[in-house]
Amino acid sequence: MPDVRVRFAPSPTGNLHVGSARTAIFNWLFARHLGGKFILRIEDTDRERSKDEYTRSIMDGMRWLGMEWDEGPDAGGECGPYFQAQRLELYRAAAARLVGDGHAYACFCSTERLDAMREKQEAEGKQTRYDGLCRGIDPAEARRRIAQGDRHVIRLKVDTTQVIEWNDLCKRVISITTELLDDLVLMKSDGFPMYNFAVVVDDSGMKVTHVVRGEDHISNTPKQILIYRALGLTPPELGHIPMILGTDRSKLSKRHGATNVIDYEKAGFLPEAFFNFIALLGWSPPDGSEIHSRDELVSLFTLDRVVAHGAVFDVEKLKWMNLQYIKQLAPEDLLALCEPFLREIPGYPGQYAQEELVELVALFRERLTVLTDITKAAWYFFNEPDSYDEKGLKTAQKTPDLAAVMTDLAADLEKLEGFTHDPIERTVRALAERRGIGAGKVIHPTRLAVSGRAEGPGLFELMHVLGRERCVARIRAFVEMQPWVVGSR
Ligand code: GLU
């Protein structure tokens with residue numbers, strides 16, 4: 001097999017879409033698995049919809065996911081330029097060659113003629129197609145008209161009696177007849193190529209060996225194969241991966257939630273988790289296992305394990321996977337990743353030392369499904385509780401003499417030597433014993449008093465991180481306010 005060369009060819013008409021990211025990931029994994037090259041080509045021939053900001057955003061998204069490209073914008077390479085809008089001469093030359101060889105011709109039909117023809121065909125219930133009128137123009141005459149500046153497109157002569165067949169890398173043999181095709185436009189009158197033509201000129205010019213893309217391109221493939229043949233070239237291997245579906249099994253769209261990679265980055269997903277999750281959309285390793293680093297995926301990835309039918313994007317599964325990755329992070333790394341979201345808390349970082357902040361995020365390591373959760377979760381470390389959980393207050397009512405219990409606790413904590421997990425726990429349990437009540441009857445109201453919440457990380461570690469001063473002050477404020485007494489709120 002020649003050295004593998006694959007490409008990811010996004011159109012910069014939007015941010016990196018989840019579906020495109022999956023195409024990029026499959027190509028990248030395929031290339032890395034086989035030690036081949038991964039090329040990034042920007043398909044920016046749609047001048048109205050293509051924007052530089054989207055090119056940048058797509059490249060940022062790929063870098064966020066850890067996919068560097070071997071050739072392409074910023075990386076350079078022998079087969080550039082890697083922006084289609086900078087390759088117009090190549091398309092024009094290829095089109096001229098096809099015209100010269102008699103495989104293509106200039107078509108001078110006006111839009112009015114084409115519209116009228118289409119309307120008539122539609123009215124007669126016929127397939128709409130170009131009637132081939134300009135095929136009959138003598139080439140010398142066509143050259144003369146072109147020279148005098150007549151508006152024209154270049155069309156490929158298509159034989160509509162063929163069956164185009166290819167052995168798809170992801171789907172076995174696909175065979176499509178050309179009977180519904182007509183003479184394809186290769187070059188538009190503005191000198192820009194049509195998508196199918198540009199792709200063929202570029203894939204061959206960039207020596208692409210395998211084209212792996214979404215199955216929405218299957219209908220383009222026969223057209224591209226016809227163009228390859230006309231150019232006297234052998235098409236690359238072709239693979240079409242199944243569509244990504246929402247949980248209702250319809251095509252993934254905004255209706256199902258965010259469809260741009262950047263939204264998942266902003267929402268606090270880890271790139272490793274997101275990459276892992278996307279890699280499993282329509283592909284799985286032989287043993288069906290799920291959590292894999294990028295390197296493991298590289299060694300496991302083969303196209304023959306791509307499924308034939310749609311893959312469901314389940315955000316709940318993504319969240320679960322993200323949690324698995326967050327759990328594995330070293331607390332220092334977790335703090336660094338949480339930092340932007342902690343900064344959204346007024347009062348952050350307050351008096352806390354760096355080590356304390358590391359301990360703080362570690363409290364939540366098993367509880368964050370996305371990094372952004374930390375903003376809400378850690379709020380009370382930097383701000384006094386401004387309300388108390390209703391359910392928690394109901395539970396607190398069950399502790400007899402709660403005001404006295406909490407007052408004693410504050411006093412005990414104040415005297416405590418070393419405000420760490422074990423001594424705090426001993427204090428709380430000893431108090432419960434003295435009062436002849438279950439430890440929970442002290443623990444629940446204490447959690448409520450110091451955090452305002454009824455749930456959260458282990459209370460004693462939480463109190464240790466909050467620090468003695470805050471804990472004691474909050475318990476005293478709680479006693480003063482007596483929010484558990486009905487009517488006091
Ligand atoms: N530019 C095309 C797209 O964004 C991809 C073309 C291809 O992969 O052949 O859908």
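The values are calculated or read from the model by the stated rules, or taken from the named source; none is laboratory data. None of the values given here were measured: they were computed from a predicted structure. Using ideal geometry, Cβ is built from the backbone for each residue, glycine included, and neighbour counts are taken over all protein chains shown. Each accessible area value is taken on the protein alone, full model and side chains, heavy atoms only, with ligands, DNA and RNA left out. Shrake-Rupley method; radii C 1.70, N 1.55, O 1.52, S 1.80 Å.
At a glance:
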quantity: Test: residue in segment 84-92 that is within 16 Å of the ligand (Cβ to nearest atom), under 20 Å from residue 271 (Cα atoms), part of a helix (DSSP H, G or I) and of a type in the set (Ser, Thr, Tyr); calculated: no
quantity: Residue in segment 180-196 that is within 11 Å of the ligand (Cβ to nearest atom) and β-branched (Val, Ile, Thr) present; calculated: no
quantity: Residue match in segment 383-398 (condition: open to solvent by less than 20 Å² (accessible area, probe 1.4 Å) and under 27 Å from residue 337 (Cα atoms)); calculated: no
quantity: Options 342, 363, 357, 368; residue that is of a type in the set (A, V, I, L, M), over 23 Å from residue 474 (Cβ atoms) and touching a residue at least 12 places away in the same chain (Cβ under 8 Å); calculated: 368
quantity: Of residues in segment 298-330 being of a type in the set (S, T, N, Q) and not in a helix (DSSP H, G or I), the one least open to solvent (accessible area, probe 1.4 Å); calculated: 302
quantity: Boolean, residue 230 is among the aliphatic types (A, V, I, L, M) and at pLDDT 95 or above; calculated: yes
quantity: Filtered residue count, segment 437-488, keeping only those that are in contact with a Pro (Cβ under 9 Å, 6 or more places away or on another chain), among the small types (Gly, Ala, Ser) and over 20 Å from residue 423 (Cα atoms); calculated: 2
quantity: Number of the condition not met by residue 182 [criteria: (1) over 22 Å from residue 27 (Cβ atoms); (2) under 35 Å from the mean Cα position of the chain (by Cα); (3) open to solvent by less than 50 Å² (accessible area, probe 1.4 Å)]; calculated: (2)
quantity: Identity of the residue in segment 285-297, under 24 Å from residue 64 (Cβ atoms) and more than 18 Å from the chain's Cα centre (by Cα), that ends up least open to solvent (accessible area, probe 1.4 Å); calculated: 285
quantity: Per-region count, segment 26-54, residues away from the ligand (no atom under 14 Å from the Cβ), open to solvent by less than 10 Å² (accessible area, probe 1.4 Å) and closer than 22 Å to residue 262 by Cβ; calculated: 1
quantity: Members of segment 108-135 that are under 42 Å from the mean Cα position of the chain (by Cα) and open to solvent by less than 60 Å² (accessible area, probe 1.4 Å); calculated: 114, 115, 128, 130
quantity: Residue match in segment 147-158 (condition: part of a helix (DSSP H, G or I) and more than 32 Å from the chain's Cα centre (by Cα)); calculated: yes
quantity: Test for residue 208: is it among the aliphatic types (A, V, I, L, M), part of a loop (DSSP other than H, G, I, E, B) and within 15 Å of the ligand (Cβ to nearest atom); calculated: yes
quantity: So residue 222, is it part of a loop (DSSP other than H, G, I, E, B), within 15 Å of the ligand (Cβ to nearest atom) and either under 20 Å from residue 130 (Cα atoms) or not basic (Lys, Arg) (or both); calculated: no
quantity: Selection from segment 1-21 of residues that are more than 12 Å from the ligand (Cβ to nearest atom) and among the charged types (D, E, K, R); calculated: 3, 5
quantity: Pairs where the first residue, in segment 1-23, is in a loop (DSSP other than H, G, I, E, B) and the second is open to solvent by less than 40 Å² (accessible area, probe 1.4 Å) and basic (Lys, Arg), C-beta under 9 Å, 6+ apart; calculated: 9/41; 9/213; 10/41
quantity: Search result, residues across segment 387-416 that are of a type in the set (D, E, K, R), within 16 Å of residue 438 (Cα to Cα) and touching a residue at least 40 places away in the same chain (Cβ under 8 Å); calculated: 398
quantity: Where residue 57 falls short, out of the listed (1) modelled with pLDDT of 95 or more; (2) open to solvent by 10 Å² or more (accessible area, probe 1.4 Å); (3) within 16 Å of the ligand (Cβ to nearest atom); (4) part of a loop (DSSP other than H, G, I, E, B); calculated: (4)
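Residues are listed down the side, and each one gets a yes or a no for (1) in contact with a Leu (Cβ under 7 Å, 6 or more places away or on another chain); (2) of a type outside the set (Ser, Thr, Tyr); (3) modelled with pLDDT under 95:
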{"position": "205", "(1), (2), (3)": "yes, yes, no"}
{"position": "208", "(1), (2), (3)": "no, yes, no"}
{"position": "213", "(1), (2), (3)": "no, yes, no"}
{"position": "226", "(1), (2), (3)": "yes, yes, no"}
{"position": "234", "(1), (2), (3)": "no, no, no"}
{"position": "249", "(1), (2), (3)": "no, yes, yes"}
{"position": "261", "(1), (2), (3)": "yes, yes, no"}
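Condition check ((1) touching a helix residue (DSSP H, G or I) at 6+ places or on another chain (Cβ under 6 Å); (2) under 30 Å from residue 353 (Cα atoms); (3) in a helix (DSSP H, G or I)) across all residues:
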site: 427; (1), (2), (3): yes, yes, yes
site: 437; (1), (2), (3): no, no, no
site: 449; (1), (2), (3): yes, yes, yes
site: 471; (1), (2), (3): yes, yes, yes
site: 477; (1), (2), (3): no, yes, yes
